[in-house]
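Here the structure comes first, spelled out in structure tokens, and everything after it is commentary.
The values are calculated or read from the model by the stated rules, or taken from the named source; none is laboratory data. All values reported here derive from a predicted model rather than from experimental measurement. Quick reminder, even Gly has a Cβ in these numbers, built from the backbone with ideal geometry, and neighbours come from all protein chains shown.
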Amino acid sequence: MGIGITYYETERGDHPVREYIESLPDKDRAKAKALIDYLSEKVVLNEPHAKKIAGYAGLYELRPGSHRIFYCYHERRVVLLHAFRKKSDKTPRREIETAYQRMGS
């Protein structure tokens, strides 16, 4: 039993996570898509594949290599909210805030 995957859509009709994933090099894109498919099949993932974001109720991150894809659960679906390339040990707060704001809209 799986779960549906939805991409966050901006007011202009853009899908920033989909666009981010499609812009990745082939190997990174394949890794991200495989992890999204795995989430769809398993519904809940644990480390090292995914992690709950502390202090942000209901916000999680997928961890395909050096990339991070924030997501939440909404109406029996996973919504992919925001993605970025992680360049340091600590996730920048502005990246988390972007995802959290999208989660509320």
### Message
Filter the range 29-44 down to the residues that are under 12 Å from C72 (Cα atoms) and under 12 Å from the mean Cα position of the chain (by Cα) and list them by number.
### Response
L39
### Task
Just give me the residues in the range 63-77 being surrounded by fewer than 21 Cβ atoms within 10 Å (Cβ to Cβ) and either not in a strand (DSSP E or B) or not charged (D, E, K, R) (or both), in sequence order.
R63, G65, S66, H67, Y73, H74, E75, R76
### Message
Here is a check on your reading of the model: is K87 out of contact with any strand residue (DSSP E or B) (no Cβ under 9 Å at 6 or more places or on another chain) and either in a helix (DSSP H, G or I) or of a type outside the set (G, A, S) (or both)?
### Response
yes
### Query
Looking at (1) in a helix (DSSP H, G or I); (2) within 17 Å of Y8 (Cα to Cα), which is the one condition that is false for E41?
(2)
#### Entry: From G65, G4, residue being in contact (Cβ under 8 Å) with a residue 12 or more places away in the chain and touching a helix residue (DSSP H, G or I) at 6+ places or on another chain (Cβ under 6 Å)
G65
### Message
Looking at E41 and the list (1) closer than 23 Å to R94 by Cβ; (2) modelled with pLDDT under 95; (3) in contact with a Gly (Cβ under 9 Å, 6 or more places away or on another chain), which single condition is not satisfied?
### Response
(1)
### Message
Checking the condition buried (at least 17 other Cβ atoms within 10 Å of the Cβ), without any contact (Cβ under 8 Å) to a residue 40 or more places away in the chain and out of contact with any Asp or Glu (no Cβ under 9 Å at 6 or more places or on another chain), which residue from L35, L59 passes?
### Response
L35
### Task
Starting from the range 88-105, take each residue that is on the phi < 0 side of the Ramachandran plot and free of Cβ contacts under 8 Å to residues at least 40 places away in the same chain and list its partners that are crowded, with 19+ Cβ neighbours inside 10 Å and not hydrophobic (A, V, I, L, M, F, W, C), counting only C-beta distances under 7 angstrom and pairs at least six apart or across chains.
T91/R68; E95/H82; T98/H82
### Query
Of all residues in the range 19-32, which are among the basic types (K, R) and either part of a loop (DSSP other than H, G, I, E, B) or in contact (Cβ under 8 Å) with a residue 12 or more places away in the chain (or both)?
K31
